[in-house]
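Beneath this line is the structure, given in structure tokens, with notes to follow.
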Amino acid sequence: MANEEHLKLIKQGVDIWNAWREKCPEIHPDLSQADLRGVKLQKINLGNTNLKESKLQFSNLTGAQLGEANLTKSKLQEACLQSAHMQKCNLSGAGMLEANLQYTNLENASLEGAQFNEDTLFNQTNLKGANLLFATGLSTSQLSQAITDKETQLPDYLEEEMDDDFLLQF
């Protein structure tokens with residue numbers, strides 16, 4: 001369960017939250033299982049925050065700092081994460097249907113078992129070193145818009161599809 005003091009702070013707005021984070025960088029906030037649906041969280045600093053099983057559907061997290069945050073099994077349906085900084089964050093089992101991940105930095109993030117669909121946006125999303133094993137709902141056309149590297153781990157069904165596409169070029 002979320003820390004009540006942390007919940008009160010975040011509900012006071014991004015400016016108050018970010019000032020508190022700057023003043024107390026050693027604290028790793030606990031917002032696990034918090035209901036933050038539809039909250040405007042643009043440019044908020046949620047780095048190293050426990051957001052496990054949190055409800056963030058329809059939230060605006062444009063430009064947010066989420067590096068090394070724990071978002072395991074969080075609900076991010078239709079969340080706007082455009083240009084968010086999410087390096088090394090844990091999104092294992094997260095629901096990301098129709099999420100906007102355009103220009104988001106997910107380098108070395110764990111997206112193992114995350115759920116996507118054809119409406120999840122990946123334009124210029126950095127997936128270098130990301131773990132997408134067992135993720136569902138992804139297509140090669142979505143990932144062709146993202147930035148990947150040889151360290152990016154894709155689900156088996158996409159690896160096979162990409163191998164077939166490669167062979168069709170000959």
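The values are calculated or read from the model by the stated rules, or taken from the named source; none is laboratory data. Fair warning: this is a prediction, and the values are worked out from it, not measured in the lab. Methodologically, a virtual Cβ is constructed for each residue, glycine included, from the backbone with ideal geometry; neighbour enumeration extends over all protein chains shown.
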Within the range 10-22, residues being out of contact with any Lys or Arg (no Cβ under 9 Å at 6 or more places or on another chain) and farther than 14 Å from GLY47 by Cα number 4
### Task
Determine whether the range 26-37 contains at least one residue that is buried (at least 18 other Cβ atoms within 10 Å of the Cβ), touching a residue at least 24 places away in the same chain (Cβ under 8 Å) and in contact with a Phe, Trp or Tyr (Cβ under 7 Å, 6 or more places away or on another chain).
no
Among the residues of the range 136-151, is any at pLDDT 95 or above, more than 20 Å from ASN100 (Cβ to Cβ), among the polar types (S, T, N, Q) and in contact with a strand residue (DSSP E or B) (Cβ under 7 Å, 6 or more places away or on another chain)? no
Considering residues that are among the hydroxyl-bearing types (Ser, Thr, Tyr) and either over 14 Å from the mean Cα position of the chain (by Cα) or modelled with pLDDT under 95 (or both), the number found within the range 113-135 is 0
Among (1) aromatic (Phe, Trp, Tyr); (2) without any contact (Cβ under 8 Å) to a residue 12 or more places away in the chain; (3) within 15 Å of SER74 (Cβ to Cβ), TRP20 falls short only on (3)
Pairs returned, first residue in the range 78-99 that is touching a residue at least 40 places away in the same chain (Cβ under 8 Å), second residue that is not in a loop (DSSP other than H, G, I, E, B), beta-carbon separation under 8 angstrom, 6 or more apart or interchain, are LEU97/GLN115
The condition of being over 21 Å from LYS88 (Cα atoms), outside any helix (DSSP H, G or I) and not aromatic (Phe, Trp, Tyr) holds, among GLN33, GLN12, GLN42, only for GLN12
Those residues of the range 82-119 which are closer than 16 Å to ILE147 by Cβ and of a type in the set (Asp, Glu) amount to GLU107
Output for Cβ contacts, cut-off 6 Å, separation at least six or different chains, first residue among the charged types (D, E, K, R) and surrounded by fewer than 24 Cβ atoms within 10 Å (Cβ to Cβ) in the range 41-64, second at pLDDT below 95 and assigned to a loop (DSSP other than H, G, I, E, B), reads LYS55/ARG37
Result of the Cβ filter at 7 Å on the range 100-115, keeping first residues that are more than 21 Å from ASN60 (Cβ to Cβ) and part of a loop (DSSP other than H, G, I, E, B) and partners that are among the polar types (S, T, N, Q) and modelled with pLDDT of 95 or more, at least 6 apart or interchain, is GLU107/GLN87; GLU107/ASN126; ASN108/GLN87; GLU112/SER92; GLU112/ASN131; GLY113/SER92
